[in-house]
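Read through the structure below, which is laid out as structure tokens, and then see the notes.
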């Protein structure tokens, strides 16, 4: 889209991806009228404000995938922004620790993948691993120097400030409830009146598939919410972890497993696990939204997913309900930690796209339909990759041939 004065773009969602898209628009196309709609009364209230603060290196993702490419590019851009704007951050590196000889073949494969993704990974012996993390239990480890931590809430605040300065319309407390597409515009129905736009970018996170349907798009996936629960190390136990300590992931399982991360504020978090949330914003077992439960259990893809991962899913639930089991997993990495060294910390909810066949969408997924662009799968490392996701989405909007915008854009 060559910037034509008066071109109107509405961005739905005020998390880090939506804010990054809006900021990229006002930066690249200063003649564009950008409106950001967020149903909460403040920004970054969900996934963007409830995570471990890690700037991922791109270690785990299939070489050539969107996650691998956008994570690497996005991490560099994010750290540049943090340095320029005084956002708290630190390049700490991380250890991926094998605690059992049976994990060594998986560690070998991970090392190979990291090198294929352009990372300066280094294989460490048990003794070398303890030079980085004296209290870690390891038979071997990988050191990934590119991994960092940042205050994502502060990053979002910077993006909001840039948008205000550029004259964007920022509308927190405004929920999209419907919409209609006309020959020359989209009219969004919101909790605070109508908003007309030439193009809409849907970055609604946990509700992105619903917003897509409200705007007339039929998404190829359904969002299934998974809660990630954390514990926090007490002040006395925090010195047992210097930086970031991760287990060797099992490629047969959909999530990374419980790990330890020291944030920019010095607090060390342990987690997350991954359990089905009973509400799309369900941060505890007591938070149940019947509409969300019906949507999940009524989706055939969920049951196919549940059958495929029944055993690991049951273990995640047991870990959620038993502090002892959670601590046991943490102590596999750092045995010196005891039950009294960990206390409850705020949970997050991951918006995971699931296909009708029950497979998790492993990569970022963006679909375009008519006048809408829908960011349908953007879980971790989306915060890391947010500035690069924004570059891609704005590139889609720059394609001026409206008649070509039908169906899937990338994924």
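Assign one of three labels to segment 94-145, namely rounded, prolate or oblate, based on the Cα gyration tensor with a ≥ b ≥ c the square roots of its eigenvalues; rounded applies when a/c is under 1.5, prolate when it is not and a/b is larger than b/c, and oblate otherwise. It comes out oblate by the Cα gyration axes.
Listed from fewest to most Cβ neighbours within 10 Å, the set 384, 359, 92, 208 follows the order 359, 92, 208, 384. Each residue in 91, 268, 366, 297 was given a count of other beta-carbon atoms within 10 angstrom of its own, and listing them fewest first yields 297, 91, 366, 268. Ordered by the count of other Cβ atoms within 10 Å of each Cβ, fewest first, 103, 388 give 103, 388. Rounded to the nearest 10 degrees, the inclination of helix 16-28 to the longest alpha-carbon principal axis of the chain is 50 degrees.
Applying 1/(1 + (r/R0)^6) with R0 = 30 Å to the Cβ-Cβ distance of residue 41 and residue 325, what FRET efficiency is obtained, to the nearest 0.05? Write down the numbers at each step before the final one.
On the way: r = 37 Å, r/R0 = 1.23.
The formula returns an efficiency of 0.20 here.
Model label sites at residue 175 and residue 83, defined 7 Å from Cα along the beta-carbon direction, differ in position by 4.3 nm. Working from label points 7 Å from Cα in the Cα-to-Cβ sense, the residue 130 to residue 102 distance is 2.4 nm.
For the chain, the longest principal axis of the C-alpha atoms and the axis of helix 104-116 are separated by about 40°. Computed extension gain for residue 164 through residue 234, at 0.36 nm per residue and net of the alpha carbon distance, reaches 21.3 nm. The value of relative contact order for segment 222-360, using C-alpha pairs under 8 Å at least six residues apart, is 39 percent. Centroid-to-centroid, using Cα positions, segment 325-354 and segment 1-67 are 30 Å apart.
Between the helical axis of 310-321 and the dominant principal axis of the chain, each derived from Cα atoms, what acute angle in degrees is found, rounded to the nearest 10? Once rounded, the angle reads 80 degrees. DSSP beta bridges confined to segment 1-143 are antiparallel in about 60 percent of cases.
For a quick check, take a GNM of the chain with Cα springs below 10 Å and name the residue from 173, 76, 298 with the largest mean-square fluctuation. Sorting by GNM fluctuation, first place goes to 298.
Calculate the FRET efficiency for residue 250 and residue 218 from the Cβ-Cβ distance with a Förster distance of 35 Å, rounded to the nearest 0.05.
Numbers: r = 34 Å, r/R0 = 0.97.
The computed FRET efficiency comes out at 0.55.
With r defined as the distance between the Cβ atoms of residue 187 and residue 157 and R0 fixed at 30 Å, what FRET efficiency is calculated, to the nearest 0.05? So the FRET efficiency works out to roughly 0.45.
For the chain, what is the mean residue ellipticity at 222 nm derived from helices alone (per DSSP H run of n ≥ 4: -39500 (n - 2.57); sum divided by total residues; nearest 500 deg cm²/dmol)?
Numbers: 11 runs with 131 residues, N = 411.
Only helices count here, giving -10000 deg cm²/dmol.
Among 304, 350, 291, the largest mean-square fluctuation in a Gaussian network model of the chain (Cα springs under 10 Å) belongs to 291.
Comparing mean-square fluctuations of 115, 280, 50 from a GNM of the chain with C-alpha springs under 10 Å, the top value falls on 115.
Throughout, read-outs are computed from the coordinates displayed, never taken from laboratory work. Given the structure is predicted, the values throughout are model-derived calculations rather than measurements. Here Cβ is always computed from backbone atoms with ideal geometry, including for glycine, and neighbour counts include all displayed protein chains.
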